[in-house]
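Below is one structure, written out as structure tokens; comments come after it.
The values are calculated or read from the model by the stated rules, or taken from the named source; none is laboratory data. Predicted model only: the values in this text are computed from it and were never measured. Counting neighbours? That spans all protein chains shown, and the Cβs are built from the backbone with ideal geometry, glycine included.
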Amino acid sequence: MIGRLRGSIVYKKAPELMLEVSGVGYELLASVTTFADLPEVDQQAVLFTHFVVREDSQTLYAFSTLSERSLFRTLLKVNGVGPKMALAIVSGMTVNEFAQRIHAGDITGLTKLPGVGKKTAERLIIEMRDRLVDVIQTTTGDSNTATLPLSVNHEEEAVTALLALGYKPIQASKMVSAVADVSLSVEEIIRQALKASLQ
């Protein structure tokens, strides 16, 4: 299985990016936090990956930290949680924020994540409580870098990224409009929109 890639960024448009490694371009889907950590196009990046194979698709997911990937993998073990929902959860909260909501039994906070209904939130709380110990242990050595701006229509890209995470068009537009600022990068707009929606 492909677990880690080091290469040059060919393009990035949340949640998709391509990383060229020894002449091979790997297409990846990444969390919002990972996008915030990415360097500029043509610069080197190191990403931890998880490969999902299905009958009709093969998808490589990318994360900037081991703790994010660990949470993603642990979420996939929960009944009813697929890669798309797991990526949305990892994008919507930090590992520590998610752990706090799980231990507090915060169903309301969890249902604010895209695709997470009351039953799924209850299942997450029950099944993730014991599994989070291993996830939290992987945070040692994790670090975050500053958000890097992109020279594109930030609001439109932010809305597109939220749609890819499972939000409905009207909801995504409202979330972005509420926090959008010309000085913010796409990743920061997405991050603030997600944070505001969970409050």
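Looking across the stretch 129-164, the residues that are within 18 Å of the chain's Cα centre (by Cα), closer than 23 Å to Asn96 by Cβ and either modelled with pLDDT of 75 or more or of a type in the set (Phe, Trp, Tyr) (or both) come down to Leu132, Ala161, Leu162.
Of everything in the stretch 79-104, what is modelled with pLDDT under 90 and farther than 19 Å from Ala193 by Cα? Give them in sequence order. Scanning the stretch 79-104 gives Asn79, Gly80, Ala99, Gln100, Ile102, His103, Ala104.
The set of residues in the stretch 11-62 being crowded, with 17+ Cβ neighbours inside 10 Å and of a type in the set (S, T, N, Q) consists of Ser31, Thr33, Thr34, Thr49. Filtering the stretch 161-187 to residues that are in contact (Cβ under 8 Å) with a residue 60 or more places away in the chain and either basic (Lys, Arg) or out of contact with any helix residue (DSSP H, G or I) (no Cβ under 8 Å at 6 or more places or on another chain) (or both) leaves only Ala164.
Counting only residues that are of a type in the set (A, V, I, L, M, F, W, C), outside any loop (DSSP other than H, G, I, E, B) and touching a Phe, Trp or Tyr at 6+ places or on another chain (Cβ under 9 Å), the stretch 11-51 holds 9 of them. Considering the stretch 52-126, the qualifying helices (runs of 4 or more DSSP H), each wholly inside and each with 1 or more residues that are in contact with a Phe, Trp or Tyr (Cβ under 8 Å, 6 or more places away or on another chain) and not assigned by TED's automatic domain parsing to the domain that holds Val186, run over 66-76, 83-92.
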